[in-house]
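Contents: one structure, followed by commentary.
The values are calculated or read from the model by the stated rules, or taken from the named source; none is laboratory data. Since this is a predicted model, take the numbers as computed values, not measurements. Neighbour counts are summed over all protein chains in view; Cβ atoms, including those assigned to glycine, are modelled from backbone coordinates with ideal geometry.
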Amino acid sequence: MNLSKFGKKFTRKAGITQLMDDLGAAMASGDMLMLGGGNPAHIPEVQDLFRERMMEILAEPKGFESMIGNYDGSRGNQAFVEALAELLRETFGWNITAKNIALTNGSQNAFFCLFNLFAGDMPDGSKKKILFPLTPEYIGYADAGLSDDFFIARKPSIELLDDGLFKYHVDFDALNIGDDIGAICVSRPTNPTGNVLTDAEIMELDAIAQERGIPFIIDNAYGTPFPDIIYTEAKPVWNSNTVVCMSLSKFGLPNLRTGIVIAREEIASAIADINGVMHLAPGGMGARMAIDMVRTGEIMKISQEIVQPFYKRKAFQTLKWFREELGDLPVRIHKPEGALFLWLWFQDLPITSAELYDRLKERNTLIIPGHHFFPGLENEYWQHKHECIRVTYAQDDAVVHEGVKVIADEIKKIYMNA
Ligand SMILES: Cc1ncc(COP(=O)(O)O)c(C=O)c1O
């Protein structure tokens, strides 16, 4: 096949694609303890609500027919966008209307559009990059640039906490942002660490972005007001220089691919323009399933009363299991502040986390080795990148508990034989 540069770039198997294939093959081949994936849990109470909503749509005159039979506009379902603008205005006082919102086919798609709007080859011949001010960061960003050498990242500072915990912070002293940066991006809560950047960090990043005249993209896939998988105080931020991306995936609708971009009007309408070219319109099932919950504000109540406690309990239960099993081994865990993951740091690990991944896979336990989560820092050697793993706690308790035991047992052997 004679491929274009685009073709070559997007078909070369990225590290994470290979890993996902490997995870998929391992899952298919046997009884695996899946602590690797990013799929949200099937929370029965939430699924019941969506089942009821689907029944209502089916019972509405022309409800089903219009849901499957009509394109939305390129900005997405207008009624949903209006209801959401109102909810965010009333809840957070954000100064927005429907013109500040565009839907996408999952927020993954939003990042592809946003990154390539603000970085890459610029009309004046210069090149710009997306900056991740704190890595580890979401692996899904890694290959989303249309050109190579698209991302740049900074290492964090590490705060050691009591009880074997630690927390990453933005190292502002090392941030130095040059003219080659087109936008700043953070996930909050962060996949893979469960970190929630503090309000002070967000305010400082926001101020720097404003001063530099570059957008500040905040990936709110796990944040407030939905799905609100966040176990700490964190003030939601929006202003005309921030681009807040949300998603219905972790609220329980990952397969309906509904991403939400909230930005100043020209950015929201640029997303709608790209939607038009790439997909005509974003799919509208997610918007139709969630619209009443947004209109009534129930989406926040469900997030706070069902989704968040569901994951919070699992996070702290998994932390407890790890503590019981790991004893006094030199292992630290990132303070769980949100999302679906625990991030373990095996200090001075005698093998790499990639080798640990292989050894755990041999024992039917799947995790993700940490070195994949440093987009923009690929070429920088840092031992820490090879000392961490991401463990998902969204699976059933029995699976997670068994996985924790296997991980701890393997780690004990590794340290003992070092
Ligand atoms: C931090 C983060 N951002 C964005 C996404 C993309 O999610 P979706 O495309 O389903 O909205 C994910 C998915 O796991 C994620 O973890």
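Summary of values
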{"item": "Residue satisfying all of: in the range 6-37; in contact with a Lys or Arg (Cβ under 9 Å, 6 or more places away or on another chain) and assigned to a loop (DSSP other than H, G, I, E, B); surrounded by the fewest Cβ atoms within 10 Å (Cβ to Cβ) among these", "result": "Met32"}
{"item": "Index of the failed condition, Val196 passing every other in (1) within 14 Å of the ligand (Cβ to nearest atom); (2) closer than 19 Å to Phe112 by Cβ", "result": "(2)"}
{"item": "Condition check for Ala142: touching a Ser or Thr at 6+ places or on another chain (Cβ under 7 Å) and within 16 Å of the ligand (Cβ to nearest atom)", "result": "no"}
{"item": "Helices (runs of 4 or more DSSP H) enclosed by the range 282-380 - at least 2 residues per element that are among the polar types (S, T, N, Q), buried (at least 16 other Cβ atoms within 10 Å of the Cβ) and modelled with pLDDT under 95", "result": "none"}
{"item": "Odd one out for Ile333, checked against (1) aliphatic (A, V, I, L, M); (2) over 23 Å from Glu233 (Cα atoms); (3) in contact with a strand residue (DSSP E or B) (Cβ under 9 Å, 6 or more places away or on another chain)", "result": "(2)"}
{"item": "Qualifying position, being in a loop (DSSP other than H, G, I, E, B) and either closer than 29 Å to Asp179 by Cβ or of a type outside the set (Gly, Ala, Ser) (or both), among Gly140, Gly76, Gly125", "result": "Gly125"}
{"item": "Those residues of the range 232-256 which are in a loop (DSSP other than H, G, I, E, B), more than 14 Å from the ligand (Cβ to nearest atom) and not small (Gly, Ala, Ser), in sequence order", "result": "Thr232, Glu233, Lys235, Pro236, Val237, Trp238, Asn239, Asn241"}
{"item": "Single residue of the range 163-182 satisfying the filter (outside any strand (DSSP E or B) and of a type in the set (A, V, I, L, M, F, W, C)) that is nearest to Ile333 (Cα to Cα)", "result": "Val170"}
{"item": "Which numbered condition Ala394 fails, given (1) under 25 Å from Asp228 (Cα atoms); (2) part of a helix (DSSP H, G or I); (3) not basic (Lys, Arg)", "result": "(2)"}
{"item": "Selection status of Ala102, touching a residue at least 12 places away in the same chain (Cβ under 8 Å), outside the structural domain of Pro330 (by TED's automatic domain parsing) and away from the ligand (no atom under 13 Å from the Cβ)", "result": "yes"}
{"item": "Residues of the range 257-266 satisfying the condition of being on the phi < 0 side of the Ramachandran plot, of a type outside the set (Gly, Ala, Ser) and near the ligand (Cβ under 9 Å from one of its atoms)", "result": "Thr258, Ile260"}
{"item": "Yes/no for Thr224 being touching a residue at least 40 places away in the same chain (Cβ under 8 Å) and over 29 Å from Met285 (Cα atoms)", "result": "no"}
{"item": "Residue count, the range 195-218 (criterion: in a loop (DSSP other than H, G, I, E, B) and either in contact (Cβ under 8 Å) with a residue 60 or more places away in the chain or of a type in the set (A, V, I, L, M) (or both))", "result": "5"}
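For (1) surrounded by fewer than 16 Cβ atoms within 10 Å (Cβ to Cβ); (2) in contact (Cβ under 8 Å) with a residue 60 or more places away in the chain, each residue gets a yes or a no:
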residue	(1), (2)
Gly69	yes, no
Gly125	yes, no
Lys128	no, no
Leu131	no, yes
Ile139	no, yes
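Conditions tested, residue by residue: (1) closer than 26 Å to Pro136 by Cα; (2) touching a Gly at 6+ places or on another chain (Cβ under 9 Å).
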| site | (1), (2) |
| --- | --- |
| Gln304 | no, no |
| Phe310 | yes, no |
| Ala315 | yes, yes |
| Leu319 | yes, no |
| Gly327 | yes, no |
| Arg332 | yes, yes |
| Ala339 | yes, yes |
| Trp345 | yes, yes |
| Ser353 | yes, yes |
